[in-house]
Structures are given as C-alpha cells and as structure tokens.
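Below is one structure, written out as structure tokens; comments come after it.
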Amino acid sequence: MKAVILLSGGLDSSTILYKAKADGCECHAISFDYQQRHRRELQSALTVGQKAAIAKHQVVNFDLRQWGGSALTDDAIDLPQERSLDEMSQNIPVTYVPARNTIFLSFALGYAEAIAAERVYIGVNALDYSGYPDCRPDYIQAMQEVFRLGTKQGREGQPINIVAPLINLKKTEIIQLGNQLGVPWELTWSCYAGGDVACGVCDSCRLRLAAFAELGLVDPVAYA
C-alpha cells in the first residue's frame, strides 16, 4: 500500500509517518517550504524521513509571505509567548495560517494521484488547545469528499483516503503512541520562533513541554 505523508518534522507529523510505516505503507513524504518563520522544521522533516527510511521525500516551495495573515508568515505580527494552556484555548490564535491545510492537502492529493497512492496521512489534532479550524473532524470529512469528487481515481471508484489517526488524541496520547512506534523525538522540531534552538515559550513549545511533563518524561529536544 502506497501513502503520501504530510511531514513537517514536528511531533505529530513524525508520529503519523511512523504510524503509516506500522500500517505497512510504502511512505512518500511531502514537506512545504512556504517561507514560514520556523523554516528550521524542514531540517527535522528531512532528518526524520531519512531515519524512517522512506521511499521518497518531496519538498514543495511557495511563498505565503506574499499575503501573510499569520504570525508564522508575517514578521509584523508578534508570536504569542508565555501563554497558559487556558489562554491558548480561548480563540483561534494568530499562528493560524489562512487555509494552510487546504493548500497542503491539495498538493498531497496531486502527488498521491500522480504516484497512484491509496492514502494521504495528515497529523491534524482537534484536541490541541489552539483549535485551528482546519484540524477538525468536519473539515477532514469535507476534504475527503473533495478527494473523491476532484480526482480521476475518486470518480472511478478508488478514492484516495485521508488518514488522520491523531485527530481525537490528546498530546500525551500522541507521545505515548509515538513511544510505542519508536519515533525519534530528539530529531523532531515543534518551535514556532524560528531560532536554531527551540524557544520553550511559544504556544507550540509549551504544549509539547506540558505533555512530556504530564507523562513524567523529559523532552530530548534542547530548549533556550
């Protein structure tokens, strides 16, 4: 079974790569250089992909800084720092990139159909405190219908399936799953800040650190 994996190099996407391998898939990873603030994640994506011995890794380049609209694509928008988990859960944060997962899934769908893949794995999670609109079950269900209606494979009765195994898991449960699968956490990257060392204070770092701490584990990634 052939699968395209959306691989950012973060905790969630690295876990779904290893889940796809455990599911017996031939894994073809796709990562995106969209001129994000935290382009450092691409280094981790490539390293994790190599460690997992995937079949192929594509990096697609485009520039979402052309219109910005997010703290990850516009340096004029301050990155939230030192927020509590309660604060993170209040509203969709400024780190939301407009329509990002729709853009990513469109590329992944094109790639998957071109190589006759049966699945596209994505590490979206509806229980993260950020509550991004394009990480929720109803969104994935809607995109599945797009996959069915918008492709030759789908119209011929062999739709490419979106697999989102983390969508209803807590961050602690994702780490536990990754531990079972042997995910190399030390190679992953979650920080939004864009430095060479994880900041430890952005929302993504704080969510990650809190989950490791709740499990009584030490995050092997170095923090400033």
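The values are calculated or read from the model by the stated rules, or taken from the named source; none is laboratory data. What you see is a predicted model; the values in this text were computed from it and never measured. Using ideal geometry, Cβ is built from the backbone for each residue, glycine included, and neighbour counts are taken over all protein chains shown. These accessible areas exclude ligands, DNA and RNA; they are computed on the full protein's heavy atoms, side chains included. Shrake-Rupley method; radii C 1.70, N 1.55, O 1.52, S 1.80 Å.
So in segment 63-89, with the set limited to residues that are over 27 Å from I160 (Cα atoms) and in a helix (DSSP H, G or I), which one is most open to solvent (accessible area, probe 1.4 Å)? Once the filter is applied, the top-ranked residue is Q66. Remark: pairs (first residue in segment 198-211, touching a residue at least 24 places away in the same chain (Cβ under 8 Å) and at positive phi; second residue part of a loop (DSSP other than H, G, I, E, B) and open to solvent by 10 Å² or more (accessible area, probe 1.4 Å); Cβ separation under 8 Å; 6+ apart in sequence or on different chains) = G200/A224.
Checked against (1) surrounded by fewer than 19 Cβ atoms within 10 Å (Cβ to Cβ); (2) under 20 Å from S14 (Cα atoms), R155 passes all but condition (2).
Of all the criteria given as (1) under 19 Å from L17 (Cβ atoms); (2) of a type outside the set (K, R); (3) modelled with pLDDT under 95, the one not satisfied by E186 is (3).
Of the residues making up segment 90-120, just one is assigned to a helix (DSSP H, G or I), open to solvent by 40 Å² or more (accessible area, probe 1.4 Å) and of a type in the set (F, W, Y), namely F107. Here is a check on your reading of the model: is G200 within 21 Å of Q43 (Cα to Cα), surrounded by fewer than 15 Cβ atoms within 10 Å (Cβ to Cβ), out of contact with any Lys or Arg (no Cβ under 7 Å at 6 or more places or on another chain) and modelled with pLDDT of 95 or more? Here the answer is no, as G200 does not meet what is asked.
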